[in-house]
Amino acid sequence: MSEEYVDSYVILLPISLIVLGAFLISLFKKGSKVVKKNPRSTMAVNGGGFWAEEKIQKLRCSVKNYDWGRIGLDSEVYRLTRANSGAKIDPNKPYAEFWMGTHESGPSRVIKKPKILANGNCFNSNWTICDLGGPNLKSWIERNPHVLGDKVRKKWGSDLPFLFKVLSIAKPLSIQAHPCKELAKKLHIQDPNVYKDANHKPEMALAITEFEALCGFVGLEDLQMVLRNVPEISQLVGSALVDKVSNITAEDSEQDVKAALKQLFTQIMSASEHAVADVLSQLTSRLRLKDNLTSKEKLVLRLEEQYPNDVGVLAAFLMNFVKLNPGEALCIGANDLHAYVSGDCIECMATSDNVVRAGLTPKKRDVETLCDMLTYKQGHPDIVRGFNVEGTGGCIKRYRPSFEEFEVDHCHLFKGKMTAFPAMAGPSVFLVTEGMGTVRMGFSMEKISAGDVLFAPANTKLSIHSETRLELYRAGVNTKYL
C-alpha cells in the first residue's frame, strides 16, 4: 500500500465517521417526530424519555364491594383484585364484582411501564419497577381506534362493545331484568342517575364453581302446580286469578298464557308489604314443619332468611331454579327475568350497567317497569357447554351466545404446554385466573400470572406458554358476526 493511499485513508476515515454520525442523528430526530405525530406508532415520546407502546396492553381493573359479595379470602374477586392491583386491600370487605372494560361505572386503566432506549434500540423485557398511571381504557381506545378493527368500529364506533366481569356471590342478587335498547334509551333519559347508559345488556354467566340462579318462568304445568301446592300465593292473589291461570290449557294461545302469567306476577310483586309479610310468615312456618322439602322450598327458606319479608321470596316459586357445574353457562337476553343466587362465575355482556329491580334488594325498586317490560318466556333455559376451538388441541373451549357483542373462551394448559389464539377481526380481553406463563406475539413477550388482564387489539395472533398449570379466559366480539 502506498504512503499516499495510507495518508488519504487516515484523513477520510474520521470525516466519514462524522458524516455517518450526523446522518444517524438526523434520522433519529425524524423518527422521533414521526412517533409524536403518528398515533399508531409503536413508540411514543414522553419528555426526555420513551414509553414503549406494546401491542398488548396490561390493564388495572375496577372492583365492586356490593354487600352480596363474598368476604375477603372466600372471594375469587378478592383474590384477583389483590393480584391485579398490586396493593394491600381490606380482607374484611365483601368483594362482589371485578370489572374489565370501558364502562364509566368501573373503567379499566392501561398500565404504563417505562422502557429504556439503549444504543438506539428499545428493550422489550418485563419490568419489576412500580407501574406508572396510564389512561383509562376507553380514552386510550379513542386515541387508538384502529385497535378495535374496521368491522367493530363500523358497527359500534370507538368503544369496546362488551363488558367482562368476575362475580363472587354470597347471597342472592336482586330479582331483575336488563332493558332492551329502546327501553334503555327511555329510562336513561328519565333517570340517568339510576339507569347509567342507553344500551341493552344481554349477558352470559359461565360457572367457575357450582353456581345457582333463578332464570325465566316455569312452564304452564309447573305454574299451575305452584298454585295448587303453595296456598299462600293463592291467598295473596285471590281465587279469581288462581282459577283463571288454572283453567288455561295447551290449546290457549301463547299470547293468552303470557297475559295471564303477567297478571299473576304483577299482582304478587305489587302486593302490600303487610300482605307479603303475613303470607311469608305462614309459608315459612308451614315449610319448617314439612318433611322432604323440594329444592325450591329449601331455596325459598334460604331466601327468606337472607331477605326477610321480601316479595322476591314468593317470586322464586314462579321461576326456574338452575344449578350449573363449573364450565357450564347460562345466557340471559334483554327483558328476561333472573337472579343469581350463589357461586362464582365469569360474566360477559354488552357494555351496559342498566338493571331494573323488583325484589331481593335494598336498592331502588321499579316494580311497574319490571312487570311491564318482561318477555314472560317460559320453560327451562338452555345450558351452554361450549365447543372446542379447532386447531388448539382441545385446550380452548368457546362459549358463543346468540348475542353479537361477545363470546368467551376458556383456556386450560398443563405445565410446559403451549397453545395459540388465532387472529380475530375484533379486540380481546384476557384474564389469567390461575398459574404463570408467557404470552408471545411476534417478537414481543410478556410474563403473565393470576390476576393479570391483557387487552389485545384486533388481528392479533397470540401464543400462550405455561410455566405452571395455567388457566385463563378471553372475552371478545362474537366471531360469528365478524
Pairs returned, first residue in region 278-290 that is in contact (Cβ under 8 Å) with a residue 24 or more places away in the chain and in the same structural domain as Gln235 (by TED's automatic domain parsing), second residue that is assigned to a helix (DSSP H, G or I) and of a type outside the set (A, V, I, L, M), beta-carbon separation under 7 angstrom, 6 or more apart or interchain, are Val279/Glu232; Val279/Gln235; Leu280/Glu304; Gln282/Glu232; Leu283/Glu232
Filtering region 175-193 down to residues that are more than 18 Å from the chain's Cα centre (by Cα) and either in a helix (DSSP H, G or I) or crowded, with 22+ Cβ neighbours inside 10 Å (or both) yields Ile175, Lys181, Glu182, Leu183, Ala184, Lys185, Lys186, Leu187, His188, Ile189, Gln190
Exactly one of Ile248, Ile268 is among the β-branched types (Val, Ile, Thr), touching a residue at least 12 places away in the same chain (Cβ under 8 Å), touching a helix residue (DSSP H, G or I) at 6+ places or on another chain (Cβ under 8 Å) and not in a helix (DSSP H, G or I), and that one is Ile248
Out of (1) closer than 28 Å to Ser463 by Cβ; (2) modelled with pLDDT of 95 or more; (3) outside any helix (DSSP H, G or I), the one Ala83 does not meet is (3)
Subset of region 454-482, residues assigned to a loop (DSSP other than H, G, I, E, B) and surrounded by 23 or more Cβ atoms within 10 Å (Cβ to Cβ), comes to Val477
Going through region 370-427 in order, the residues found to be without any contact (Cβ under 8 Å) to a residue 24 or more places away in the chain and in contact with a Cys (Cβ under 7 Å, 6 or more places away or on another chain) are none
| query | Out of all the residues in region 350-359, is one or more over 20 Å from the mean Cα position of the chain (by Cα) and either in the same structural domain as Leu280 (by TED's automatic domain parsing) or more than 18 Å from Trp68 (Cβ to Cβ) (or both)? | reply | no
Could you check, for region 304-316, whether at least one of its residues is among the small types (Gly, Ala, Ser), within 24 Å of Ile208 (Cα to Cα) and surrounded by fewer than 22 Cβ atoms within 10 Å (Cβ to Cβ)?
no
Quick count over region 442-453, residues being out of contact with any strand residue (DSSP E or B) (no Cβ under 6 Å at 6 or more places or on another chain) and in a strand (DSSP E or B), is 1
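The values are calculated or read from the model by the stated rules, or taken from the named source; none is laboratory data. All of these numbers come straight from a predicted model, not from anything done at the bench. Ideal geometry is used to build each Cβ from the backbone, glycine not excepted, and the neighbour counts take in all protein chains shown.
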